[in-house]
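Read through the structure below, which is laid out as C-alpha cells, and then see the notes.
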Amino acid sequence: MRIDVGGQSDQGRVRQNNEDAYKIEPALDLFVLSDGMGGMAHGEMASALAVETIVSHCQQAENNRTTALFWESRPDLGERTNRLGSAVTLANRKIFDDAATHPDMRGMGATIVAAWITDQRLSLVHVGDSRAYLLRAGSLEQLTADHSLVAEHVRRGIMTPQEAETSQLQSVLVKALGIEEQVEPDADERMLLDGDVLLLCSDGLTRMVTDPEIASTLLTCEPAQAAANRLVELANDYGGEDNVTAIVVRFDPSPGGLLSRLRQWTRSSGGA
C-alpha cells in the first residue's frame, strides 16, 4: 500500500497556548499524538516529552534490536507493538520523574495515542482520551477506548452516551502518562486494507465535531493533509474550545493491487 499522511494542530479559539504535540516519522511509518495537561507551560512540556521519547525509543530499537524493553513483552502481540508499548511506558516514567524532580511541575501529564505501520499491520497503543479511528468502506470505527471518568460510567451503565457528551466531568481522566509511577497502556493490532483511512486526534476534535462529520470529511477531503486541515478548521468553526490536533493516514491502493484493478474495471465498465 502507498501511505498518504497529513497532520495539523491548532491552539483553538479559547486557549492561550497549545498543549498538544504530534510527530510523523515517515522513515518508520510511525505516528504519535499527545495532549498535555498541567496548566501553564507544563502541559506543553509533558506532551513534547512524550512524543519525543516514543519516537526516539522506536528509532533506537530499529537500529539496535537488543534495546531494552520497558514493559513486559506480551506473546499475543508482534515485535513492533511490544516495542511501542515499551516506548509509551518509558514516556510515562520520564514525565513522572521530571514532575517528581521539579516541584513546580507536579501534576503535569499527557495522553498518548501512537500508531506504527508494518506492511499492512497496524500497531496501536494509547493512554488517556486521545483517540484512533478507522474509516473503512464509509464506516467510521473508534479503535480506542477513552480512559476517562465519563467513559467508565458509560461502560458500567451509570451514564448514557448522551449524558456523557454534556457532562462536566468529560476532562477527568482515570489514566494518563506521568500521573503515576506505573501505567498500563492499552495495546492492539489490526490488519489494514487498501482504501482504509486512519485518524489520530486529540479530544479538542472529538468534543467539537461529531463522528458523522468526521467520517464525511475523511471521505470527501483528499489528500490526507487537506483532510487534517479541514478537521481542525471544523473544530474551530464550532467554537474551538480546546487545542485540536489531527493526523490522517490514507492507505491508497497500490497500482497493481486488487482494489486498484477493481476501480479501473468499474470505471471502464461504466464508460462502456
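Scanning the range 36-55 for residues that are assigned to a strand (DSSP E or B) and open to solvent by 50 Å² or more (accessible area, probe 1.4 Å) yields a total of 1. Where residues in the range 123-169 are hydrophobic (A, V, I, L, M, F, W, C) and in a loop (DSSP other than H, G, I, E, B), which of them is modelled with the highest pLDDT? Going through the qualifying residues, I end up with L143. Taking D97 as the residue in question, decide whether it is more than 24 Å from I24 (Cα to Cα) and assigned to a helix (DSSP H, G or I). It is true that D97 is more than 24 Å from I24 (Cα to Cα) and assigned to a helix (DSSP H, G or I).
Give the residues of the range 195-224 that are modelled with pLDDT of 95 or more, part of a loop (DSSP other than H, G, I, E, B) and acidic (D, E), sorted by residue number. The one that is modelled with pLDDT of 95 or more, part of a loop (DSSP other than H, G, I, E, B) and acidic (D, E): D196. For the range 182-193, check the following and say yes or no: at least one residue is part of a loop (DSSP other than H, G, I, E, B), closer than 26 Å to W71 by Cα, acidic (D, E) and open to solvent by 70 Å² or more (accessible area, probe 1.4 Å). Taking every residue of the range 182-193 in turn, at least one turns out to be part of a loop (DSSP other than H, G, I, E, B), closer than 26 Å to W71 by Cα, acidic (D, E) and open to solvent by 70 Å² or more (accessible area, probe 1.4 Å). If only residues of the range 72-81 that are open to solvent by less than 60 Å² (accessible area, probe 1.4 Å) and touching a residue at least 60 places away in the same chain (Cβ under 8 Å) are counted, the one that is nearest to A176 (Cα to Cα) is T81.
Per the listing L90, L69, L28, L33, the residue uniquely in a loop (DSSP other than H, G, I, E, B), open to solvent by less than 60 Å² (accessible area, probe 1.4 Å) and either among the aliphatic types (A, V, I, L, M) or farther than 25 Å from L218 by Cβ (or both) is L28. Selection over the range 235-268 of residues that are touching a strand residue (DSSP E or B) at 6+ places or on another chain (Cβ under 9 Å), open to solvent by 10 Å² or more (accessible area, probe 1.4 Å) and either at pLDDT 95 or above or assigned to a loop (DSSP other than H, G, I, E, B) (or both) gives a count of 6. The lone criterion from (1) surrounded by 16 or more Cβ atoms within 10 Å (Cβ to Cβ); (2) under 16 Å from the mean Cα position of the chain (by Cα); (3) in a loop (DSSP other than H, G, I, E, B) left unmet by I179 is number (2). Residues in the range 33-50 that are under 16 Å from A114 (Cα atoms) and in contact (Cβ under 8 Å) with a residue 40 or more places away in the chain: L33, S34, D35, G36, A46, S47, L49, A50.
The values are calculated or read from the model by the stated rules, or taken from the named source; none is laboratory data. All values reported here derive from a predicted model rather than from experimental measurement. So basically every Cβ, Gly included, is an ideal-geometry build from the backbone, and we count neighbours across all protein chains shown. In case anyone asks, the SASA skips ligands and DNA or RNA and just uses the protein heavy atoms, side chains included. Shrake-Rupley method; radii C 1.70, N 1.55, O 1.52, S 1.80 Å.
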